[in-house]
Amino acid sequence: MKKIDRKDFLKIGGGAIVGGLSGYVFSGAPFLGMQWLIEWTQDQYVPAGGKEEYLKTICEACREKCEMSIRMIGDRAVKIETSNSGCPFSQNALQLLYHPERIDAPLKRVGRKGTVKFSAFEKVSWDEALGAVSKNMNKLIGEKRGHLIAGISKHDNLASALLDRLVKACGSTAAYYEPSLNSLSQAALGGSVEYDFNNADCILSFGARLLEGWGVPCSMNKAFIEWKKKGTRLIQADAVRTRTASLADQWLPIKPGTELILAMGIANRLSKRGRAAGGAEWMAVVEKYAPDKVAALTGLSVKQIEEVAETFSRARNPVAVAGRGGKGVSSSSAEFLAVHALNTMAGSQAAVLKKGQWLGEPVLSANAAASIKESKKLAGLDDFIKNGNFEIIIINEADPVYKSAYGAELAEKMDRAFVVSITPLLNDTAMYADYMFPSLTFLENDTSAGRAPLKPYLKSAHAGDCLISLAQKVDGVKASFPWASYVDLIKTSGASVGAGGVNYNARVLIDQLALIEKNLKPSDEFPLSMIPVELTFVGDGDGMAFPYALKTIDQKTFSQGKLCVEINRKTAGQHGVSEGERIDIASSWGEIGSVRTHLTDTVAPDTIAIPLGFGHMAYTKYAKNKGVNPKGIMAHDIDPLTGTANWWHTRVKIS
Amino acid sequence: MGELIKRAIDTIKAEFNSYSTGVKIALGVMFFLTAGFVIFGIQILFWGLGYTDMSNLYPFGQWIIGDLGLVSLGGGAFTTGFALYIFRNDKLEPIINSTVLIGFLCYLFTFIFLVFDIGQPLRAWFGYTYPNWGEHLMPTSMLTEVIWCLTLYFMILCVEIVPVALKHKVLDAIPALHYVGHYLHRIMWILAAAGTFLSFFHQGSLGGGMWDIMYGKAVWFRAHHIYFFVVIIGATAGGTAFMTLCAYLAGKVMKKEVVPAETFHSIAKISGILFVAFFIARLVDVVLMATRWVPLFDRSYISLQGGLYGLWLLVLEFLLLAVVIVMLLPKKNREQEKRFLIGIIAGVAAITTDKLITVLNGSSVPNFPWRDYIWYWPTIQEWFIMLGGLSVMAMIYMWCAKYLPLFPHAEKHAHHEGKSQAVAE
Amino acid sequence: MAIDLDLCTGCGDCALACAQENNMPVFEDDSDLPKRVQFLDLMKVSNDRDAAYPDVEVCYIPKMCQQCEGNDPKNPKPPCVSVCPVVATDVGDDGIVSQIWSRCIGCRYCQASCPYEARAFNWWKPRYEGDFKKSLNPDVSVASRGTVVKCQFCSHIWKRERDRAVAGGELDINAVTYTPACVAACPTRAMVFGDLDDPGSELSRLLSREKKRTFRLIHTIDEMKEKDEKKWKAMMQAKNYPNPKVYYLTSKAWIKEMMKFK
Amino acid sequence: MKRTVLLIGIPFIVALYFTFVISQKACDRVMANHPEKPIDFNHQSHLLTYFPDNGLSKDDCGACHDYYDNGRFKGLPTVGDCTSCHDPNGPVTGAPASTPRRKPFLSGYKDTDKPWGSHARQPDLVYFSHKVVMTATFEDGRKKQRCSNCHGDKAGSTNTAMLKGKMLMGQCEDCHTALHISNKCAVCHD
């Protein structure tokens, strides 16, 4: 045997290496490795499988109570399959249900107020959080200062009724609602109007964007099919050619903010036909609005007004609709009254005033009874923010800091007060909360019909349950909350009943008309009118937290972080503004900056249409810092009956 | 180890210091761009194309322009090779090595840009394994055709570049390699012919076919057989101008006559004639577009020329073409150095503009009547990858010009004239 | 598919249902319109190009992949299919243009060739943060970054329904019907889905009944057929047309007018 | 020369063998071809001795490998499916050979448990319907497909060893081509 020299060693090594490589290649490992590499670098994600099921439930988000079918894969809800709704609630529900920024446990503030960082909060147990909140409330009640406890609710529902009751039982009258169609018409008319759109044959809408989120979207969509079938006439008065205005049979392109005057003009024509409503004092005001005056103020022709009045009075079952806007509604109380007067004059069967009656009056403890006398009853939310006083405030799903024209002032007051927020997502208002309670989506809460289809998300609980358990810990309140749980309450709650007559307040009407006429006068300082428009799903801001809703935003409104306002072409020419230019808008209330212009003739001359819903400071990373929130510069005049800022029509200038 | 690094640094220092100030500055800029190329290249490959300004509305951007430009300018390699080996225009002999190298680099970087441009670089090989051959082996997807033709022609260029590399004094000393190089050189005409054939196809496919088969788009659709050849002529014209320009610049930088003047004049003449052909072809193309193809969409040609990249680019292209023809065609013009230079620069610019029109204007045209023209401005990532790639190309070319017998003419002269030239080098 | 724009209120439920059903990727910013991925785009269209206030109108046009077939229905040639270098997109026997992202190399050639902007590219890595992953539909594969995706008329629902039908004893799988997510979600029944090849289907009957109201997106060649059949034939020979399978219905002249370039 | 061949050849073969085996093991592991099999299930004995006594043919794989109501394939049976025959209160010994006896180890599980993993997994990104494939028939009523065509002779197996490895797309396509079924991408992929 020869000695193995260097050359031989190389041969052995070479043989081994080549052999090893061939073995590796022939085993197929490189190809599998390549495939693995491709999958790994692409982060290929395959959703887990499971048994497919369809769960039936009822959407309790509104009165319509839509039946829902939820497609489940194992324990995951993957799709809401229901065709009877056109409402963003139900379609968005999964996005909220599985939102990555959903609050998963009660949170206590440890950081500075007004920050959006989650690090400003720490998780606590329900007992601890409820205990801390009730301790603060008990202290106030014990000092007979229960009137400094306030509550703000979003929806007009049972959970809000619970908050009303809790606040009242503590000895305060400060239970308010965010302005909505319901809350505004209740404040103005003393009850909410139930419209029977399916059976009406002529609908006269005063700026109510009926098909753009107004009222209950799913029933509006159902009604729309009925109108198409029956040939119901839809007449829309608006300053912007909105979708509803385009789908309407007739569009009355009025000057921005003159809906009330148009209503007066039509009432005037109806009165000529011997119809009357609202009493002598009211009718005296109506008499002043002859068609030529109305025509001059609204920008319509006398003929148009007379024709509309004619159509309206001829109709068998006409209905006039108040409540300008889509999801975010803002109309003056006078407008609600005037439009309701039209219905009465025309003898409409399709608009019935109903009064909600959820729960009875609570039992007041001695302390509460003493402090409730101290409590100042204000007309509505904005009135309360401006003139009210509070030390503890409970926010039930609402976001007044973002949505109210007085949001900044509320934030300032909240900075000094003890704030409790019940919400599934950290919104602009919750930025100031001391305690946050995670609430549920309708998919997770039990209903009168049965158990919820899905288990509650982590440590969330329904707002109603949250308020009931809180009430159990507050002194002298327990007696008013005999229910074991929210479901227990649902089973015993009452229904709405018919309301009495409406108080047609002519004084308010005269004031409002004067204000509008003043606003209409061309002013050198603020030559333009600004009115809000809303986008599908974004609405007045609630949709911004959901990525799939963001995908529906159209190019000419918001794209790549730039918010566009719509300006009439001719007007833009007069003001030297070109397409896509960056402008600032100023009103007497303030200034917002950096919006782009989009020139389009769908907007009335001398008008800027600004989208609502943008410019959140918080409300998840999807909504945060996108565009601007115009509420701050919108008109702040507080309506005497509804107590909310009538922000619809604002005089502005481009700066 | 430390010693080794020190020696390497010293070598690089010495190398860097051997250049003149102007070249040093240029090298610095190119190194900077290359660094950006590497950094942003990693970003794009690992985190995706989201960092570019391309979008769903504007799917093709700067890198596609780069691909188109590089391929058509690199097309000078086949034109020159064809003229030299098939037509036996021996005046072109001194420039051919440089031409082959540029062609090689252009194609190499076309691949590199393509890899950046596709969303799934790891799946790039799908083009070979699942090609979209249509019926009768006529590729329905021009990109399939392009991938195959480019690959094959790139292989040919690799073979063509081997003899040049083998001429390096170290390699040439090995007898075996010397013979390989020699015989490869002898069969070069076969490669030139095959290259011409392949190049014809992919020039037409990438520059023309790729666009005109998109029959849904008014701005791109036209009769295949016309535009296909328009682009080929463009590539032959622009390519020759680019080859000339590169060699000219190399000469200026190296401060010596790398290519005899008569070579320049000969190739400029070829280029000039081809540019006349291209001018006519392009004119026919535009007229046909305006009168025949665009009206089939119920649109007008002029309405497609709006936006940021509209009519002015088209006008610019024809102006540049006119400049080339005036400067290169008459003998007295092209034999004057300044006019010759203006001519070839305008030629390269004209072809680049042609590609800009194809991509920039083509993508920015709105698809719906209510949409506006789209605005595209490449992001910093796109710029660095594009310019960084080009600087790498330039640096490789510089290195080759210095160490490989890229310009045999200059070497010969160096032997004749003695040491002074070598020092300048 | 047919979409009746007279009935469409632009509520957007179709877009939302589509996103939920098809596991639409969530990017950092989904309001970044040019780069977001969506199959169904709600296009806001107004006639303010041709009219001035107050004669303007607006409407929302839901636009998904139009499932083109080219001039010859027997040999369908959508503009996007022929250009794909790796056969990642194909026309199925049912006429639906499919796109298999796991084959796609991301060259975006199909996107450039689509005249309806129906295709979307995953510019970023799709992120389903936190529990968003839980709402993913296992029937639709989640595409990865750098691939093109598109609407396939929810063909996975057809497969689902086919399984159900076969389990229920139905043997002729061609008789299986299904409803895409967008159509199922439409609250006003503005969208109608059915078999265009079957003259008895609801869709075919609707289209033959409503010929006057029918149009196709920016597909003005249809008008030529009515006006001048000879010229139409010549044009069809001169060039391939996308010939989409999505029909729109409207009684408003301005919408049809807006389909033309001026 | 011979020495050189040996010097190169022997290490070549040894290295080839070892890397081949190691790489293949690694591949198997990556592809999860060794799922947990706590029971050495004997298909053959079940099908041959037990099925005929209960009026089932030995091709009735569906007796255990069943479908959901919506037509999706359940895959491997659950413990509940097993105990529906192997009565939890039944005798462990002493019963006639054809009667399923109680299997004590099953009592450690819940009825819905599936403690055993599967060799055959449906690949990601593919929508394959067992139901449709298994119900398809020729015009004369013969079934187009049998379980064994893809799964091998599972019915004849006496242990839980893997019979067939990963199925490649080509195999699906071959069958589709042979049976004149469309091979378009969207037939299986979404």
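The values are calculated or read from the model by the stated rules, or taken from the named source; none is laboratory data. Source: prediction; values computed, not measured. Cβ sites come from the backbone with ideal geometry, for glycine too, and all protein chains shown count toward neighbours. For the accessible areas, the whole protein counts, side chains as well, though only heavy atoms, and no ligand, DNA or RNA atoms are used. Shrake-Rupley method; radii C 1.70, N 1.55, O 1.52, S 1.80 Å.
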Fill in: Given charges at Cβ of Lys, Arg, Asp, Glu: region A:521-654 dipole, positive-most of A:Ser588, A:Leu641, A:Gly543
A:Gly543
Item to complete: Any chance you could check region A:537-580 for residues losing 30 Å² or more of accessible area when the partner protein chains are in, compared with the chain on its own (1.4 Å probe)?
Response: A:Phe537, A:Pro547, A:Tyr548, A:Leu550, A:Lys551, A:Thr552, A:Asp554, A:Gln555, A:Lys556, A:Gln560, A:Arg569
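Between rounded, prolate and oblate, where does region C:2-257 land on the alpha carbon gyration tensor, with a ≥ b ≥ c its root eigenvalues, rounded for a/c under 1.5, else prolate if a/b exceeds b/c?
Details: a/c = 1.37, a/b = 1.23, b/c = 1.11.
In terms of gyration-tensor shape, rounded.
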Item to complete: For B:Thr379, enumerate residues with amide H under 5 Å from its amide H, sequence gap 5+ or separate chain, H modeled in the peptide plane.
Response: B:Asp53
Worksheet item: Share of antiparallel DSSP beta bridges in chain C, in percent to the nearest 5?
Response: 85
Response to the item:
The simple spin-label model distance between B:His168 and A:Lys7, using points 7 Å out along Cα→Cβ, in nm, is 2.9
Response to the item:
The pairs in C:Lys212/C:Lys260; B:Lys355/C:Lys150; A:Lys108/A:Lys626 lying past 21 Å Cα-Cα in this model are B:Lys355/C:Lys150; A:Lys108/A:Lys626
Response to the item:
Output for region B:292-386: GluC sites (Glu not before Pro) sitting in coil per DSSP, at most 16 other Cβ within 10 Å, listed by number, reads B:Glu335
Worksheet, complete the sentence: Full extension between B:Tyr128 and B:Tyr19 adds, at 0.36 nm per residue less the Cα distance, a length in nm of 34.9 nm
Fill in: Label-to-label distance, nm, for residues given as A:Lys56 and C:Glu210 (7 Å Cα→Cβ offset)
3.1
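Rounded to the nearest 5, what % of DSSP beta bridges with both residues in chain A are antiparallel? Don't skip to the end; give the middle numbers.
On the way: 42 of 82 bridges.
The answer is about 50 percent antiparallel.
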Discussion item. Just to check I understand the Karplus step: with θ = phi - 60° and J = 6.51 cos²θ - 1.76 cosθ + 1.60, what whole-Hz values come out for region A:173-180, glycine and proline as x?
Written reply: 9, 7, 10, 10, 10, 5, x, 9
Worksheet entry | Accessible surface, region B:94-247, averaged per residue in Å² (probe 1.4 Å) | 36
Worksheet item: What's the FRET efficiency of D:Ser84 with C:Glu202 using the Cβ-Cβ distance as r and R₀ = 56 Å, to the nearest 0.05?
Response: 0.80
Discussion item. Rg and Dmax in Å for region A:188-355, alpha carbons only: what are they?
Written reply: 14.4, 41
Worksheet item: If the limit is 25 Å between Cα atoms, which of C:Lys74/D:Lys166; A:Lys51/A:Lys455; A:Lys551/A:Lys621; A:Lys624/C:Lys125; C:Lys44/C:Lys245 go over it?
Response: C:Lys74/D:Lys166
Worksheet entry | Helix-derived mean residue ellipticity, 222 nm - over chain D, DSSP H n ≥ 4, -39500 (n - 2.57), to 500 | -9000 deg cm²/dmol
Discussion item. Using a Förster radius of 35 Å, what is the FRET efficiency between B:Leu184 and B:Ile280 based on their Cβ-Cβ separation? Nearest 0.05, please.
Written reply: 0.35
Fill in: Separation of the D:Ala161 and A:Ala369 label points, Cα + 7 Å toward Cβ, nm
9.0
Fill in: Calculated FRET value between B:Val115 and A:Phe31, using beta carbons and R₀ = 22 Å, to 0.05
0.60
Practice prompt. For the protein assembly as shown, give the share of DSSP beta bridges that are antiparallel, in percent and rounded to the nearest 5; count only bridges with both residues there.
Written response: 60
Discussion item. Give the lysines reachable from A:Lys478 as a straight Cα distance under 18 Å; neighbours fewer than 8 places away on the same chain don't count.
Written reply: A:Lys135, A:Lys139, A:Lys144, A:Lys168
Item to complete: Using only alpha carbon pairs under 8 Å that are at least six residues apart, calculate the relative contact order of chain B and give it in whole percent.
Response: 25
Worksheet, complete the sentence: Diffusion coefficient in µm²/s returned for region C:78-132 by Stokes-Einstein, Kirkwood Rh over C-alpha pairs, 4 °C and 1.567 mPa s, is 104
Worksheet item: Which shape class applies to chain D: rounded if a/c is under 1.5, otherwise prolate when a/b exceeds b/c and oblate if not, where a ≥ b ≥ c are the square roots of the Cα gyration tensor eigenvalues?
Response: oblate
Item to complete: Would you grab the residues whose amide H sits under 5 Å from the one on A:Thr607? Only those 5+ places off in sequence or on another chain, please, with H modelled 1.01 Å from N.
Response: A:Ser529, A:Asn568
Item to complete: Determine which lysines satisfy two conditions relative to A:Lys3: a Cα distance under 27 Å, and not lying fewer than 8 residues away in the same chain.
Response: A:Lys11, D:Lys2
Item to complete: Kindly write out, for region A:518-530 in residue order, the coupling ³J(HN,Hα) from the Karplus curve 6.51 cos²θ - 1.76 cosθ + 1.60 (θ = phi - 60°), rounded to whole Hz, with x marking Gly and Pro.
Response: 5, 5, 6, 4, x, 10, 6, 6, 10, x, 10, 9, 10
Discussion item. Straight-line reach only, C-alpha to C-alpha below 14 angstrom: list the aspartates and glutamates that D:Lys154 could link to, leaving out same-chain residues fewer than 8 apart.
Written reply: D:Asp40, D:Asp59, D:Asp60
Fill in: Accessible surface, per residue, of region C:2-257 when the full set of protein chains is kept, probe 1.4 Å, Å²
34
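Looking at the calculated P(r) for the protein assembly as shown, what percent of the C-alpha pair distances fall above 51 Å? Each step should come with its number before you reach the end.
Working: 535389 of 1172746 pairs.
Pairs farther apart than 51 Å: 46 percent.
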Worksheet item: Between their Cα atoms, which of A:Lys255/C:Lys252; A:Lys355/A:Lys386; A:Lys154/A:Lys230; A:Lys154/A:Lys386 are more than 30 Å away from each other?
Response: A:Lys154/A:Lys230
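Pull out a ≥ b ≥ c, the square roots of the eigenvalues of the alpha-carbon gyration tensor of region A:446-593, then state rounded if a/c is under 1.5, prolate if not and a/b is larger than b/c, and oblate in the remaining case. If you can, show how the numbers build up before the last one.
Numbers: a/c = 3.05, a/b = 1.65, b/c = 1.84.
Judged from the Cα gyration tensor, region A:446-593 comes out oblate (a/c at least 1.5, b/c at or above a/b).
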Practice prompt. Kindly express, to the nearest 10 degrees and within the range 0 to 90, the angle between helix D:169-178's C-alpha long axis and the longest C-alpha principal axis of chain D.
Written response: 70
Practice prompt. For helix A:279-288, report the angle its Cα long axis makes with the longest principal axis of the Cα atoms of chain A; keep it between 0 and 90° and round to the nearest 10°.
Written response: 90
Worksheet item: Which residues does a label at C:Arg49 reach in region A:573-613, if reach means a backbone N under 19 Å from a point 7 Å past the Cα toward the Cβ?
Response: A:579-580, A:598-603
Worksheet item: Going 7 Å from the Cα of D:Asp66 in the Cα-to-Cβ direction, what parts of region D:74-97 have a backbone nitrogen less than 14 Å from that spot?
Response: D:74-86
Fill in: log10 of Debye I(q)/I(0), alpha-carbon scatterers only, for chain A at 0.08 Å⁻¹
-0.63
Worksheet entry | region C:1-90: Cα Rg divided by the 2.2 N^0.38 Å rule of thumb | 1.39
Practice prompt. Give the angle, between 0 and 90 degrees and rounded to the nearest 10, that separates the Cα long axis of helix D:2-30 from the longest principal axis of the Cα atoms of chain D.
Written response: 30
Item to complete: Could you pull out every residue, at least 5 positions away or on a different chain, whose amide H is within less than 5 Å of the one on A:Met68? Hs are placed 1.01 Å off N in the peptide plane, and Pro or chain starts have none.
Response: A:Thr57, A:Ile58, A:Cys59
Worksheet item: How big a patch of accessible area, both sides summed and in Å² to the nearest 100, lies buried between D and A at a 1.4 Å probe?
Response: 1800
Fill in: Contact order relative to length of chain D, as percent, for alpha carbon pairs under 8 angstrom and 6 or more apart
23
Worksheet entry | Loop sites in region A:111-205: trypsin sites (Lys or Arg not before Pro), DSSP, at most 12 other Cβ within 10 Å | A:Arg112, A:Lys117
